[in-house]
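Q: Sharing a structure here in structure tokens format.
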Amino acid sequence: MAYARQLDGSVGTHNIATRSHQANTSPMRQLLTALLFALPALGFGITPTLADGDAAAGASVFNRCAACHQVGAGAGNGVGPHLNGLFSRPIAGVPDYDYSSALSQRAGAIWNPQLMTDYIADPGSFIGERSRMPAQRLRPDQVANLIAYLQSL
Ligand code: HEC
């Protein structure tokens with residue numbers, strides 16, 4: 001029994017030594033191994049998906065909206081409509097807010113993250129005329145965080 005364990009151990013050690021020896025002497029193998037580990041990391045780091053958002057970070061991104069939009073308990077309309085429950089609301093759906101007629105004409109659809117991403121990047125293109133809401137220059141990760149924040153309200 002003790003002998004078998006010793007034998008297993010020495011076989012295992014031998015395998016590990018052989019593998020690291022091959023890795024050290026094969027630049028191609030080292031490159032491939034590095035790529036295998038690096039590619040998923042790069043994919044997640046550079047192109048965050050809409051689902052990756054961090055609501056806490058999104059709260060500070062919302063500071064850019066807060067001059068015109070209110071959220072949370074007791075939120076009302078300001079320069080723009082309040083944004084509570086945005087992703088279950090129809091476009092131009094706050095009854096007591098005076099929307100542009102161009103945005104009201106889009107009222108058939110319910111806001112979702114993709115629609116909002118398109119809208120805030122260029123409200124004028126979205127409604128087809130000059131908008132009262134200025135375009136928001138945000139990085140994709142900031143938009144993802146903002147979406148997570150709005151979804152958390
Ligand atoms: C300078 C003021 C201003 C800022 C800053 C601003 N908005 Fe707006 N927003 C408006 C106005 C005004 C409207 C209404 C536009 C219309 O009626 O065409 C609007 C409309 C919207 C709507 C449509 C709401 C609905 O009920 O259909 C969304 C969504 C929105 N804004 C999101 C944002 C987000 C997110 C930010 C920050 C990244 C932001 N806005 C920053 C003024 C602003």
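The values are calculated or read from the model by the stated rules, or taken from the named source; none is laboratory data. The structure displayed is predicted, hence computed values, not measured ones. Counting neighbours? That spans all protein chains shown, and the Cβs are built from the backbone with ideal geometry, glycine included.
Q: Tell me which of these ALA135 doesn't satisfy, since it passes every other one: (1) assigned to a loop (DSSP other than H, G, I, E, B); (2) touching a helix residue (DSSP H, G or I) at 6+ places or on another chain (Cβ under 8 Å); (3) near the ligand (Cβ under 7 Å from one of its atoms).
A: Only one criterion in (1) assigned to a loop (DSSP other than H, G, I, E, B); (2) touching a helix residue (DSSP H, G or I) at 6+ places or on another chain (Cβ under 8 Å); (3) near the ligand (Cβ under 7 Å from one of its atoms) is unmet by ALA135, namely (3).
Q: Okay, next question. Quick one: is GLN70 farther than 22 Å from GLY53 by Cβ and polar (S, T, N, Q)?
A: For GLN70, the condition - farther than 22 Å from GLY53 by Cβ and polar (S, T, N, Q) - is not met.
Q: Let me ask something else about it. Considering only residues that are assigned to a helix (DSSP H, G or I) and exposed (fewer than 15 other Cβ atoms within 10 Å of the Cβ), which ones fall in segment 74-92?
A: Within segment 74-92, just SER88 meets the criteria.
Q: I want to confirm something. Restricting to segment 108-127 and keeping residues that are among the small types (Gly, Ala, Ser) and free of Cβ contacts under 8 Å to residues at least 12 places away in the same chain, which single residue is surrounded by the most Cβ atoms within 10 Å (Cβ to Cβ)?
A: Filtering segment 108-127 for residues that are among the small types (Gly, Ala, Ser) and free of Cβ contacts under 8 Å to residues at least 12 places away in the same chain, the one surrounded by the most Cβ atoms within 10 Å (Cβ to Cβ) comes out as GLY124.
Q: Kindly list the number of the only condition in (1) in contact with a helix residue (DSSP H, G or I) (Cβ under 6 Å, 6 or more places away or on another chain); (2) within 9 Å of the ligand (Cβ to nearest atom); (3) without any contact (Cβ under 8 Å) to a residue 24 or more places away in the chain that fails for ARG130.
A: (2)
Q: Across segment 108-127, what is the number of residues that are more than 7 Å from the ligand (Cβ to nearest atom), outside any loop (DSSP other than H, G, I, E, B) and not small (Gly, Ala, Ser)? Outline the logic, then answer.
A: Narrowing segment 108-127 to residues more than 7 Å from the ligand (Cβ to nearest atom): 108-110, 112-115, 117-118, 121-122, 124-126.
In the following step, the residues that additionally are outside any loop (DSSP other than H, G, I, E, B) were identified as 110, 113-115, 117-118, 121, 124-126.
If we keep only those that are not small (Gly, Ala, Ser) too, we end up with 110, 113-115, 117-118, 126.
Final tally of qualifying residues: 7.
Q: Right, here's the next one. Condition (residue is surrounded by fewer than 13 Cβ atoms within 10 Å (Cβ to Cβ), assigned to a helix (DSSP H, G or I), among the polar types (S, T, N, Q) and at pLDDT 95 or above) applied to segment 93-107: is it met by at least one residue?
A: Scanning segment 93-107, I find at least one residue that is surrounded by fewer than 13 Cβ atoms within 10 Å (Cβ to Cβ), assigned to a helix (DSSP H, G or I), among the polar types (S, T, N, Q) and at pLDDT 95 or above, so the answer is yes.
Q: For segment 56-89, name all the residues that are closer than 14 Å to GLN142 by Cβ, near the ligand (Cβ under 10 Å from one of its atoms) and in contact (Cβ under 8 Å) with a residue 24 or more places away in the chain.
A: GLY58, VAL61, PHE62, ARG64, CYS65
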